[in-house]
Amino acid sequence: MLSKKMEKAFNDQIKWEYYSAYLYLSLSSYFSNAGLSGFANWMDVQFQEEQFHARKMFDYVNEKGGRVVLQGIEAPPSTWKTPLAAFDYALRHEFAVTKRINDLMTLAQKENDHASAIFLQWFVSEQVEEEASFGDTVNKLKMVGDGGGMFMLDRELATRVFTPPVA
Ligand code: FEO
């Protein structure tokens, strides 16, 4: 059984995970259009990761006897000035997601909902990885500037494949 407060908070977060997916698909389109197919691939994999996050939460709410009601998803931004600005935007988005997950965890603790707190621990750890992987590419982009370095980085990002995270 989920409290009404937890149910609403999970529903809001499911929307945010799908918004994240939508944002990364938009970034994939931006990079594809800029001729950076490796960057586009990386964002496409992230699009799939976010759908996994949303679905994991969706399944949990159902398992706990709650009701998922899907919400509308706003249009994400579609253009950025540079690849660095685009990745930096994504990194800052992940910081905001981390704050939302932390707030969800705080709510679970206040509600004395131990099952949800244990469930949310997975997301707390996942956010550490998310921030690290986005931050790593932001740092590399700051180092390479334009030119040959970008070509190498694009080739590196082309190798990312989606593997469903261990639940
Ligand atoms: Fe689902 Fe990138 O956090």
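Residues of region 90-127 that are among the β-branched types (Val, Ile, Thr) and in contact with a helix residue (DSSP H, G or I) (Cβ under 8 Å, 6 or more places away or on another chain): Val97, Thr98, Ile101, Val124. So which pairs qualify, if the first residue must be in region 42-57 and over 15 Å from Phe10 (Cα atoms) and away from the ligand (no atom under 11 Å from the Cβ), the second must be among the charged types (D, E, K, R) and at pLDDT 95 or above, the Cβ gap must be under 7 Å, and the two must be at least 6 apart or on different chains? Close Cβ pairs satisfying both conditions: Trp42/Arg160; Val45/Arg160. Scanning region 60-89 for residues that are in a helix (DSSP H, G or I) and touching a helix residue (DSSP H, G or I) at 6+ places or on another chain (Cβ under 7 Å) gives Tyr60, Val61, Pro83, Leu84, Ala86, Phe87, Asp88.
When the criteria are applied in full, Glu131 fails the requirement of being assigned to a helix (DSSP H, G or I) and either touching a Cys at 6+ places or on another chain (Cβ under 9 Å) or within 27 Å of Glu63 (Cα to Cα) (or both). Please state which one of Ser32, Ser78 is in contact (Cβ under 8 Å) with a residue 40 or more places away in the chain and either at negative phi or within 13 Å of the ligand (Cβ to nearest atom) (or both). Exactly one of Ser32, Ser78 is in contact (Cβ under 8 Å) with a residue 40 or more places away in the chain and either at negative phi or within 13 Å of the ligand (Cβ to nearest atom) (or both), namely Ser78.
For Leu27, indicate whether it is within 11 Å of the ligand (Cβ to nearest atom) and in a helix (DSSP H, G or I). The answer is no for Leu27. Tally time: how many residues in region 139-158 are in contact (Cβ under 8 Å) with a residue 40 or more places away in the chain and closer than 15 Å to Gly38 by Cα? Summing the residues that are in contact (Cβ under 8 Å) with a residue 40 or more places away in the chain and closer than 15 Å to Gly38 by Cα in region 139-158 gives 8. Among the residues of region 101-121, those that are surrounded by 17 or more Cβ atoms within 10 Å (Cβ to Cβ) and either in a helix (DSSP H, G or I) or within 12 Å of the ligand (Cβ to nearest atom) (or both) comprise Ile101, Leu104, Met105, Leu107, Ala108, Ser116, Ala117, Phe119, Leu120. Among the residues of region 133-167, those that are surrounded by 12 or more Cβ atoms within 10 Å (Cβ to Cβ) and small (Gly, Ala, Ser) comprise Ser133, Gly135, Gly149, Ala158.
The values are calculated or read from the model by the stated rules, or taken from the named source; none is laboratory data. Since the structure is predicted, the reported quantities are computational estimates derived from the model, not experimental observations. Glycine gets a Cβ as well: all are built from the backbone with ideal geometry, and neighbour counts include every protein chain shown.
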